[in-house]
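Working notes for the structure below.
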Amino acid sequence: MRRTALAGVLANAGIIMTGAAVRLSKSGLGCPDWPECTRSSLVAAATRGDPMFHTWIEFGNRTLTGVLLVVAVVVIVTAWRFRPDGRRRPDLVWLAAGQPIGVLAQAVLGGIVVLTKLNPAWVSVHFMVSIAVVAVAVVLYVRCTEGTRPARSLVRVDQRLLARGLVALVALMLAAGTVVTGTGPLAGSGDVARYHLPLEGVTQLHADIGWMLGMLVTVLLVSLKLTGAPRPVTRLSWLIFSLVFAQGAIGYAQYFSGLPAGLVWVHVADSVVIWIVALRLMFATRDRGRVTGAAGAAAGQSRPVAATPAG
């Protein structure tokens, strides 16, 4: 179950990165129709006014959606069959169902993006729904390794609130990033619509959110270190600290170097990794016990349970 759930996380994160490659290579209209690639061909075919490699990039990303759907179906089948204590876990089944539903929703949104000629608002929605599906996949990965007991906090209340605030701020930064891209030169070719916003203004807002994120990560890391938080929580805080400050360096480098597409793609990929780590950190601050199998339950009944120190 855990391996299948991890495959769901990797597949949904991967499709975002390939989608970013489509966007940044200006191949979004390589297949100008939907669900066919062109009006006369279901698969990649030459189109007037667009290089063939743009068509293959866009068609390749559409093909990967089929692979993603297969992974999503395997995830939900595995969750349906997963019965660690002899009973099905409804929470896992519902989380797993979110992945094929998300893939189908994304296919429809992708069609709307193409038919509206890369309207920046629809592109932003398309990206943020992908981020939401990744979140569902991460929650499934975490929950399938946990029991069903009420959550027990492993850190102080203020630290749990900071971890939750971190997730909210990362989501805000991702949304702001879609506005920056939809305003700037990487939104597409010259005839593609853009947000009618000042590029310097939205870029500055994006940077300001980045500085807020950096300060929040720093405060959380220092707080966890000073209070002797559990090692897994501290490790994740160090990881996201490194990722966020690397992201800031990449962001400034791409801005002052004229937004090279390759560096922007690295920026997008790092943002997806930050999102996943932020979610993992939030869930690592509490404990729901371990998954109990039938063999483990029998062993637990035959042995005395050691007392747990209150601390």
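Each of M212, M173 has its accessible area taken with a 1.4 Å probe; listed largest first, they run M212, M173. Taking the centroid of alpha carbons for each part, region 82-98 and region 132-174 are 19 Å apart. Across region 170-240, the relative contact order, built from alpha-carbon pairs under 8 Å that are at least six residues apart, equals 27 percent.
Ordering 13-21, 138-146, 76-84, 196-204 by mean Cβ neighbour count within 10 Å, with the highest value first, yields 138-146, 13-21, 76-84, 196-204.
How many angstrom separate the Cα center of region 209-264 from the Cα center of region 100-117? Using only Cα atoms, the two centres lie 32 Å from each other.
The values are calculated or read from the model by the stated rules, or taken from the named source; none is laboratory data. For clarity, every value in this text was computed on a predicted model and none was experimentally measured. Counting neighbours? That spans all protein chains shown, and the Cβs are built from the backbone with ideal geometry, glycine included. These accessible areas exclude ligands, DNA and RNA; they are computed on the full protein's heavy atoms, side chains included. Shrake-Rupley method; radii C 1.70, N 1.55, O 1.52, S 1.80 Å.
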